[in-house]
Structure formats: C-alpha cells, structure tokens
1. Can you work out which of the residues in the range 351-398 that are β-branched (Val, Ile, Thr) and touching a strand residue (DSSP E or B) at 6+ places or on another chain (Cβ under 7 Å) is modelled with the lowest pLDDT?
2. May I ask you to list pairs of residues, at least six apart or on different chains, whose Cβ atoms are under 9 Å apart, with the first in the range 82-93 being in contact (Cβ under 8 Å) with a residue 12 or more places away in the chain and the second being not in a helix (DSSP H, G or I)?
3. Check every one of the helices (runs of 4 or more DSSP H) wholly within the range 1-81 and list those with 3 or more residues that are within 30 Å of Tyr192 (Cβ to Cβ) and at pLDDT 80 or above.
4. Output the number of residues of the range 8-23 satisfying the condition of being buried (at least 16 other Cβ atoms within 10 Å of the Cβ) and over 20 Å from the mean Cα position of the chain (by Cα).
5. Considering every residue within the range 105-119, establish whether at least one is part of a helix (DSSP H, G or I), surrounded by 12 or more Cβ atoms within 10 Å (Cβ to Cβ) and of a type in the set (Gly, Ala, Ser).
6. Filtering the range 87-104 down to residues that are buried (at least 17 other Cβ atoms within 10 Å of the Cβ) and among the hydroxyl-bearing types (Ser, Thr, Tyr), which residue is farthest from Tyr184 (Cα to Cα)?
7. Anything in the range 215-234 that is of a type in the set (Lys, Arg) and modelled with pLDDT of 70 or more? List them, or say none.
Amino acid sequence: MEMVPRKEIDLKEEKRANTLFFFLFYLTFIFFDVYRFGIRPLLNPDSEPILLSSLTMMIAYIVSYVITAALFPLSIYLSKKQKPFVIKYLYFFVFMAGALTTEILEYFGTKDVYASGSPVELVFVLFSPIFVDRTYYFVIVLGLICKYAFMGIFTFSPEVAFPIMLLLLFSVVTFIILNRFISYLNAVEKSYEHSSHNEKLALIGRIATGVTHEIKNPLTSLKGFVQLQEVEQKYNPKYSKIMLQELDRLNIIVNDMMVLGKPQAVKLKSLDLSGCVTYVVELFQQEAENKQITIYTHFEEQGQVMGEAGRIKQVLLNILKNAIEAMPNGGEIRIRLVKDQKWTTVQIIDRGIGIPEKDIPNLEKAFYTTKENGTGLGLMVSYKIIEEHGGKISVDSEVGVGTTFSLCFPTPI
C-alpha cells in the first residue's frame, strides 16, 4: 500500500469541503437577496425597499456584494497556494462584517424592533461539520450569538432571545453531528494505521524470506564445495572458481541492501564498459553452463564511459542473473555493446519466459517482484545506480519470446 502523507489528505479533503461550501454559500446568498430586494417588495408594495432607503445603504450593499464576489477568485488563489484552511474563516468574517455594517445602518436612528438575519447564517452553522473542525464550529456559533446579542443591545430589542435560542438548538444538533464525524474519522484513521502497520510487518517478513532464500543458495554451494575439498584432500581450481562466484553472489545481495538503506555518492571515473561485461560473464559462466545456457558477447568497439566500475558490475550482475533465471530450459543470452554520439548501450538479450507488459512499469519499484522467492531489490537498485550515472534503462519484452534490457550510459564527449 502506498502511504499518503496526512497533510496531503487533509488538503484534499479541505478543498472538497470548500467546493461544497462555495456552492451552498453563494446559492443561499444570491437567492435570499433576490427574494429580499426583488420578490418581497413586489408581493408587499407598501413596504419600503431597504436597498433604496438611502444612498448610504445602497453603497454599503454594493461594497458588500463586490467584496463577497471577490472572495471567490481569492479563495482559488489561496487553494492553489496550499492554504485552503483559511478560506472558511475568511468567508465568515467578511459575511459578519457586511451583515453587521448593513444592519447597523438599517436600524440606526430608528425605533424599529430588530428583525433581521439571513439563511446564510444557517449555512455556516449546519454545514460546519463538513470541515471537521471544532475550532471553526465554535467560532461560527459564538460569532453569530455575539452578533445577535450586540444587535439586541443596539436596537433595545429583547426579541433577539428567540433567534439566539434557535441558533443554540441548531448548534447542539450540529455539534452532535460534528462529533460523530470526528469519531468516525478517528476510528478509520486508527484502522488504517493498524492495517498499515500489519502490512509493513508482512513486507518485512517477505523481504526477510526472500533475502534468506537468496543467501541460502550460495551458502549451501560453498558448504558443499568446502566439504568436497576436504574429502579430496587437495586444492581444486575448479571448485575455488565456483566458490568465488558464490561469494560474489552474496556480495551482490549485501550491496543491494546497502544501496537501499544508505545511498552512496558516485565517484565517476573513465572505465571500459566492455571490460565490466566480460568480468560479469566470467562470473556466471559456470552457472550458465550448468543450466545449458550459452552466453554470447559482441562488442562493436570499446565502450569508454564515466562511471564507478563496482556499481556498474552490480547492475550487470543483477540483470544477467535475472536473464539466466528466466531460461529454466536453457538457451542463449546475447550481450551487445553499441555506441553512438549520445549513448553507449549494453543490451542483454535473453530468450526466456518474458515479462508481461503490465509489469514492466513496476520493475523499478522497491520490493516489486514476479518471482515466488524474489526480494524485489535487484532491479530497483539497478535502476537507481544507472540513474545516478546519468543513464537510463529501457525494457522490451514479450511473454514466451524473451526480454531485452538496454543499459544506456552517456557517451563521453
């Protein structure tokens, strides 16, 4: 399972919540004012139009509308700057400032009983749980209560007690929903963390099993050849050569783990790529013969590249080892070295079982393997090493036909 950072999850959820909030806010805001300033005066011709009651009121509402409209592009900008969490507060404080300003102007110098408010306030209260934020919820509730209390005192209207009680009732319901949301999300998060922990343990176990299997084979061979030399009571160069090859195999596995655990700085030096290929082929020659595999090499010319010989050999060992394992019934492997002005390329061509096309993009991923007992480290480390050398690996494969790995190194100028 690919772990997604918590901050990234929160950002995405906040952006989704903002999208829903924008829709509800502007829909309610526009329809309410259309009704208040357009439809209601038509239904009740005797009522005085609030918007046209004075030039000051008209200017106040126009400024309020312009600022509210400007919030939308500003919100998009903040969202792109990865600051979506401030948007909900921005909308609330701007709305509250506009509402208080217009209501104070409307009731200033009059003896009218305070009877105002907006369904937008209910949008803030009832839909605050979509942000799953207790701080925002309390800011909304306390802000609206303070607004009604202030206007009650300003207009000497005890009638504000009713909307405050209604607001508190809705707030209690909203608070219950918000707590249920938070409890549910906490339960999901704990379950996710538990599942992730178990998956990590399973992954460690799978890696340990794969590495153990890889190490066990050369150790068994080494033990067998040591016992043979003890029985024969004499030095056998053939056995020594195979033992050295098995030790090299152990070294490959250890190097793979070291590269994975601690990246190393690459010290580039001029080297002969054909020499590296020849060295690796000699290491696997005995194993290839045992499996009835013939390895052919063809070098058009010497391949001088800038690199670190040990690490390039490690890549060649990993890929040639995979090529041999892909040919359980024997066959041939061809290694070609070609060169042009831009790239010096080593092609390792086998006639093995091939790789399904859907698996090729995953080859460079850590711990990805199609082998029953594979570690998934070899190719991942190989991709990393070639990348550190400024090169690239391309794979061309067909199931049942074979695979071609092309290791491309920059040709020195």
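1. So the first thing to find is which residues in the range 351-398 are β-branched (Val, Ile, Thr), and the list is 353, 355, 360, 369-370, 375, 381, 385-386, 393, 395.
Right, trim to touching a strand residue (DSSP E or B) at 6+ places or on another chain (Cβ under 7 Å) and you get 355, 360, 386, 393, 395.
Working: Ile355: 82, Ile360: 78, Ile386: 86, Ile393: 87, Val395: 86.
So, considering only residues that are β-branched (Val, Ile, Thr) and touching a strand residue (DSSP E or B) at 6+ places or on another chain (Cβ under 7 Å), the one modelled with the lowest pLDDT is Ile360.
2. If the second residue must be not in a helix (DSSP H, G or I), the pairs left are Phe85/Asp133; Lys88/Asp133.
3. On the way: elements: 6-34, 40-43, 55-80.
Once the helices (runs of 4 or more DSSP H) in the range 1-81 are filtered for at least 3 residues that are within 30 Å of Tyr192 (Cβ to Cβ) and at pLDDT 80 or above, what remains is 6-34, 55-80.
4. Qualifying residue count for the region: 4.
5. Checking the range 105-119: not a single residue is part of a helix (DSSP H, G or I), surrounded by 12 or more Cβ atoms within 10 Å (Cβ to Cβ) and of a type in the set (Gly, Ala, Ser).
6. Filtering the range 87-104 down to residues buried (at least 17 other Cβ atoms within 10 Å of the Cβ) leaves 87-88, 91-92, 95-96, 98-99, 102-103.
Imposing the further condition that a residue be among the hydroxyl-bearing types (Ser, Thr, Tyr) reduces the set to 91, 102.
Working: Tyr91: 27, Thr102: 41 Å.
Among them, the one singled out is Thr102.
7. Listed by number, the residues that qualify are Lys223, Lys234.
The values are calculated or read from the model by the stated rules, or taken from the named source; none is laboratory data. Predicted model only: the values in this text are computed from it and were never measured. FYI the Cβ positions are ideal-geometry reconstructions off the backbone, even for glycines, and counts take in every protein chain you see.
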